[in-house]
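What follows is a single structure, written as structure tokens, with notes after it.
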Amino acid sequence: MNYAAFKEDVISYSKKIGIDKIGFASTDVFQELKQRLILHEQSNYQSGFEEPDIEKRTHPELLLPQARSIISIAIAYPSRMENAPRSTREERRGIFCRASWGRDYHDVLRSKLSQLEEYIKETYPAALTKSMVDTGELSDRAVAERAGIGWSAKNCAIITPEYGSYVYLGEMITNIPFEPDIPLEDQCGTCNKCVDACPTGALVQGGQLNSQRCIAFLTQTKGFLPDEFRKPLGNRLYGCDTCQTVCPKNKGKDFHFHPELEPDPELAKPKLKPLLTMSNREFKEKFGHVSGSWRGKKPIQRNAILALAHFKDESALQDLQHLVKEDPRPVIRGTAAWAIGKIGGSGSMQFLLQAKEREQDPQAAEEIQKGIELLQKD
């Protein structure tokens, strides 16, 4: 087998199936990442969504014993939305981050990797492969950095020269000894805009993220959102793009290569009030194909309530009162009560006082009390 020629064939095929960038990396232990993950764990910066075994995250051969190289792929996604609907006083809207605008990227990249695997195995039947996207053991960013896809930036994203950081990443471990590509030099320089702009100070320093403070992570949690993060949340329903939108390397980067990644404006910027009473079935039918739906409707509904409080939308008070009275979930009842206190309005104090007498859940009752105190301040 002429591996150099085969590598060129794989690159050529990848372009035919819509992979925007491809790179090749060695399977050496990710030593620098390993030390960073140990520090990350000691500092309690992890989100809890990661693979907990640091050895598996940094030793490719534990995932594929015959591993000889890793193929990294990147697919560009849009940064701008055509015909984006406006949020009005009558119909306030929330926002999903750009990474959740189109069809779930996990499905899109897995399909591309599956096609690539088939091509490799047809050409080289002895090939062994293991592919992953985002939820796998390896760090997509560490692999992409080593494979020359882009550099690991201060905002903890991979920035490509061609597409900025608006790329999805995936990788394939294989037993084929492809020649590794050369990593790119870090081009962030002295720029610190992403660190300075982070709404919650989650970027502890360039390249290190405290996930517990990151809005992108917080929007996916299912419990009560801690008080200090409610104002910075704004009208975000899922994810956060601030550290990407302020990056100078992303200026003018907007690519519409893949129809399946194009946003439906009514889903990417949905009306908030209809989200409050949406059934599980309605939620799955409407949002089930986007990555932002993976945690179910509860976090989205909680965030929608907080967004209505952010806007101080008095037209939502009746819907919020209904949630406080009828919703079986303490997080939704309590958050709705807090939002009523934040919005105000005639009759809100009496309503919350009565709600507090009925409430059996201690955390929800605490939120109702917070709502009452907000009204007392006004």
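Observations, loosely collected:
- Among the numbered conditions (1) closer than 30 Å to ASN303 by Cα; (2) in a loop (DSSP other than H, G, I, E, B), the only one that ASP28 does not meet is (1).
- Flag if SER72 is buried (at least 17 other Cβ atoms within 10 Å of the Cβ), assigned by TED's automatic domain parsing to the domain that holds SER291 and outside any helix (DSSP H, G or I): yes
- If you check LYS121, LYS130 for being surrounded by 17 or more Cβ atoms within 10 Å (Cβ to Cβ) and over 20 Å from GLY239 (Cα atoms), only one passes: LYS130.
- Annotation: of all residues in the stretch 88-118 being buried (at least 17 other Cβ atoms within 10 Å of the Cβ) and of a type in the set (Ser, Thr, Tyr), the one that is farthest from ALA307 (Cα to Cα) is TYR105.
- Residue count for the stretch 35-63, restricted to those that are over 16 Å from ARG141 (Cα atoms), surrounded by 13 or more Cβ atoms within 10 Å (Cβ to Cβ) and either hydrophobic (A, V, I, L, M, F, W, C) or not assigned by TED's automatic domain parsing to the domain that holds VAL133 (or both): 2.
- In the stretch 1-25, residue surrounded by the fewest Cβ atoms within 10 Å (Cβ to Cβ) [restricted to those that are assigned to a loop (DSSP other than H, G, I, E, B) and in contact (Cβ under 8 Å) with a residue 60 or more places away in the chain]: MET1
- Selection within the stretch 94-137 - part of a loop (DSSP other than H, G, I, E, B) and either of a type in the set (A, V, I, L, M, F, W, C) or within 22 Å of HIS59 (Cβ to Cβ) (or both): CYS97, TRP101, ALA126, ALA127, LEU128, VAL133, ASP134, THR135, GLY136, GLU137
- Test: residue in the stretch 116-134 that is over 13 Å from VAL10 (Cβ atoms) and free of Cβ contacts under 8 Å to residues at least 12 places away in the same chain: yes
- Test for ASP241: is it surrounded by 19 or more Cβ atoms within 10 Å (Cβ to Cβ) and either closer than 30 Å to LYS370 by Cα or aromatic (Phe, Trp, Tyr) (or both): yes
- Residue match in the stretch 164-184 (condition: under 20 Å from the mean Cα position of the chain (by Cα), among the aliphatic types (A, V, I, L, M) and crowded, with 18+ Cβ neighbours inside 10 Å): yes
- Inspection of the stretch 225-235 identifies no residue that is in contact with a Gly (Cβ under 6 Å, 6 or more places away or on another chain) and assigned to a helix (DSSP H, G or I).
- Residue in the stretch 161-181 that is part of a loop (DSSP other than H, G, I, E, B), over 29 Å from SER291 (Cα atoms) and among the polar types (S, T, N, Q) present: yes
- LYS34 vs. criteria more than 25 Å from LEU218 (Cβ to Cβ), modelled with pLDDT under 95 and touching a Ser or Thr at 6+ places or on another chain (Cβ under 6 Å): yes
- A search for C-beta distances below 6 Å between a residue of the stretch 47-64 that is free of Cβ contacts under 8 Å to residues at least 40 places away in the same chain and assigned to a helix (DSSP H, G or I) and any residue that is surrounded by 17 or more Cβ atoms within 10 Å (Cβ to Cβ) and of a type in the set (Gly, Ala, Ser), counting only pairs 6+ apart in sequence or on different chains, returns GLU61/ALA67.
- Among the criteria (1) in contact with a Leu (Cβ under 6 Å, 6 or more places away or on another chain); (2) among the small types (Gly, Ala, Ser); (3) over 20 Å from TRP101 (Cα atoms), the one SER315 does not fulfil is (1).
- Scanning the stretch 256-277 for any residue that is free of Cβ contacts under 8 Å to residues at least 24 places away in the same chain and touching a Ser or Thr at 6+ places or on another chain (Cβ under 9 Å) turns up nothing.
- In the set (1) within 25 Å of PHE229 (Cα to Cα); (2) without any contact (Cβ under 8 Å) to a residue 12 or more places away in the chain; (3) not hydroxyl-bearing (Ser, Thr, Tyr), the condition left unmet by ILE340 is number (2).
- Subset tally (residues that are of a type in the set (A, V, I, L, M), more than 15 Å from the chain's Cα centre (by Cα) and within 17 Å of PHE24 (Cβ to Cβ)) for the stretch 122-159: 9
The values are calculated or read from the model by the stated rules, or taken from the named source; none is laboratory data. Everything quoted here is computed from the prediction, not taken from an experiment. As a convention, Cβ positions derive from the backbone with ideal geometry for all residues, glycine included, and neighbour counts pool all protein chains shown.
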